[in-house]
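Nothing in this text is a laboratory measurement; each read-out follows from the coordinates by a stated rule. Computed from a prediction, not measured in an experiment: that's the story for all the values here. Cβ coordinates were reconstructed from backbone atoms using ideal geometry, including for glycine residues, and neighbour counts include every protein chain displayed.
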Amino acid sequence: MKVTSLIYKNQLAFKGPSGKNKPDKSTPAYIDELNELKTRKNIYSDMPTPAGNGTLFSDVQVQLELSRRKEKDSKTLKTGLEETNKLADFMDLDPEQIKISDSQDNKIILDYMYRIDNMKKMNYGFERIYGYEKEKEYLKNEFGLKKMALAKTSIGDKIDVPNAILFYGVTGVGKSTFAKALAEQMCANIININFSDFDSEDEQMEKVLQAANKSKELYEKSKTEKQRSFLIIDESNELVENEKFAQFLKDCSKKYKCTVFMTTIHPFDIPSNVLDSIPLTVGLEPPDEKNIRSFVEQFLNRTKTFGNVIDITDTLLELQIKNNLICSNSNLKEILKKAIKNRKKVSQSDIKEAFNNSKDSYTVTQSLINKFYDEKSRLLKLKKVGI
């Protein structure tokens, strides 16, 4: 979905940067861009009305324009268009379905969008997860970046933010890392809950309610920011049969402004009544060829190391088959760290040496993989939403 021109009161909303970088308005490129801007139709009307008419995107267009006129370091026309289009793509919503009366909401949405965009420049949020693009896309669609953004606005109480999500998969696949990355991606607080020292239903429930009340407290203190929290429970198979917790999972999002993230190796070790109360599930498989290639490419980029991504990926795949082993994400990270050491360039022989020095620590077997797929099949039959 593309948002149209930044036209306001029939004037072009543009103020270029000063000095030698200011665009030459006489050039064919500038004229073509200007003509394109003028001919594109606004998705609401031919001319955005001033902020306050209750329509999100037209208000945002006006806000972008007014700030562009005031700021000394105004962006170019092209960047202005990209900003507005990025906002539309980010929300991925039919504009006619969203009516927001408070103009402050526009600032909230824009700020949230910029935070997400800036994560691409850092090892933060989903950027810390190498590969798994299908799973990331699923979480964006089903959990919804747009839900988390809109939940911060004046219509927040009407937004259905999920109560809970379960990550499951074999050891070392990155379940806990994925949960934390998703929390960061959603710009939420992270509250960890450890059940290892709590055996009874009452003790576990007390721990959960402490975290939930903390979430509500942080939400109220954040005021206009409306900061939600994610309660992360690793190894959730340690839960005892707990009807109170199952009920808690059905309304914690609205009541305590939190979403519960649970991880486990075997989902059916979780009490059935609790499992039935979890609306979203994500099964994380050991990395396949596509994910290994993505992992290698991003790892080399982050460590500023040279190497042939395809050759390294092929070598890793061959070594797994030859040794009848399966690498998890943590295994891949260990191999690449050992292969790189202080080198500026890593070769296939470096990968082979690192693999052989580490293979005794690998714990993922074919039997565990088979059980994972069996549990995934069973879980998908029970769940309306899952991957």
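Which residues does the label zone of Asn273 cover in region 200-225, counting backbone N under 16 Å from a point 7 Å along Cα→Cβ? Only 200-206 fall inside the zone, counting backbone N under 16 Å. Listed cross-link partners Lys214/Lys383; Lys255/Lys371; Lys304/Lys359; Lys147/Lys337; Lys250/Lys359; Lys140/Lys341 are compared with a 32 Å cut-off, the Cα-Cα value being larger for Lys255/Lys371; Lys147/Lys337; Lys250/Lys359; Lys140/Lys341.
P(r) for region 189-232, from all Cα pairs and a bin width of 10 Å, is 29, 45, 21, 5 %, short bins first.
For region 171-236, averaging the sequence separation of C-alpha pairs within contact (under 8 Å, six or more residues apart) and dividing by the residue count gives a relative contact order of 45 percent. In order along region 157-164, the Karplus-derived 3J(HN,Hα) couplings, from 6.51 cos²θ - 1.76 cosθ + 1.60 at θ = phi - 60°, round to 5, 8, 8, 8, 7, x, 6, 7 Hz, and Gly and Pro are given as x. I'd like the projected area of region 223-317, averaged over all directions, using the convex hull of its alpha carbons. Report it in nm² with one decimal. Orientation-averaged projected area of the Cα hull: 9.6 nm².
Taken along its principal axes, the alpha carbon cloud of region 238-387 reaches lengths of 55, 34, 24 Å, longest axis first.
Taking every alpha-carbon pair in region 148-254 and binning the separations at 5 Å intervals from zero gives 2, 11, 20, 24, 20, 14, 7, 2, 0 percent.
About the centre of its Cα atoms, region 220-329 shows a dipole size close to 820 debye [charges on the beta carbon of Lys, Arg (+1) and Asp, Glu (-1) only; nearest 20 debye].
Each of Gly283, Phe230, Val240 was placed along the dipole of region 207-289 (beta-carbon charges, centred on the mean Cα), and the one lying farthest toward the positive end is Phe230.
With Kirkwood's inverse mean 1/r over C-alpha pairs for Rh, give me the Rg to Rh ratio of region 134-182, two decimals please.
1.06
Charged side chains reduced to their Cβ positions (Lys and Arg at +1, Asp and Glu at -1) give region 169-259 a dipole of some 800 debye around its Cα centre.
A straight line joining the Cα centroids of region 338-361 and region 188-256 runs 41 Å.
Net length available on complete extension from Asp117 to Asp251 is 45.2 nm, with 0.36 nm assigned per residue and the Cα-Cα distance removed.
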